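Coordinate-derived values only; no laboratory data. Just so you know, these numbers come straight off a predicted model, no measurement behind them. Ideal geometry is used to build each Cβ from the backbone, glycine not excepted, and the neighbour counts take in all protein chains shown.
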Amino acid sequence: MNTIPMSYELWRLVVLRFKDWRQRRASVLEISQLGNDGERMLAECGLSRSDFRQAMRLAFASKILLPEAIKSKGVDAETFENRYPEWNRDMRRTCMMCPARRVCSDRLEARDFEASYRDFCPNAGNLDALAGRGDCRLAS
């Protein structure tokens with residue numbers, strides 16, 4: 001068994017976790033410094049300040065995963081956001097509060113989200129419904 005690749009992978013994961021922790025910490029600080037503007041921004045995402053703090057405790061909470069997940073279903077995330085802002089906001093909130101964000105991030109990065117998202121994603125039903133609509137499809 002070659003320990004060099006295992007060691008490399010372990011260090012890569014440690015570095016990713018540390019970067020993620022720093023990004024989450026910076027996000028919390030940035031929102032707190034915005035005062036009322038921060039409250040308004042969070043409200044637009046359907047989050048309270050306490051929801052935001054809770055979400056930032058989760059791994060990869062500062063990473064925006066929903067557009068990639070939507071794209072994996074063949075849907076244009078920008079078109080969806082413009083046509084269905086309330087639905088998009090609800091899905092973003094669900095995504096932000098999801099405890100499976102690390103799994104989601106890993107699957108999106110490995111490009112196998114589509115094959116397994118129903119096993120862990122609380123937005124699975126929404127993603128399926130969105131893909132079935134056809135009015136936000138990616139251009140071929």
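Bin width 10 Å, alpha-carbon pairs only: give the P(r) of the stretch 1-62 as whole percents, running from 0 to the bin holding the largest distance.
21, 38, 19, 13, 7, 1
How far apart, in nanometres, would the label points at ASP135 and ARG22 be if each is projected 7 angstrom from Cα along the Cα-to-Cβ direction?
The two pseudo-label positions are separated by 4.4 nm.
Taking only complete DSSP H runs, can you tell me which helices of the chain stretch 18 Å or more along their own long axis by Cα positions and average at least -0.5 on the Kyte-Doolittle scale?
3-34
Which far-off residues, 5 or more places away or on another chain, put their amide H under 5 Å from the one on VAL75, with H placed in the peptide plane?
Here the answer is LEU138, since their amide H atoms fall under 5 Å of that of VAL75.
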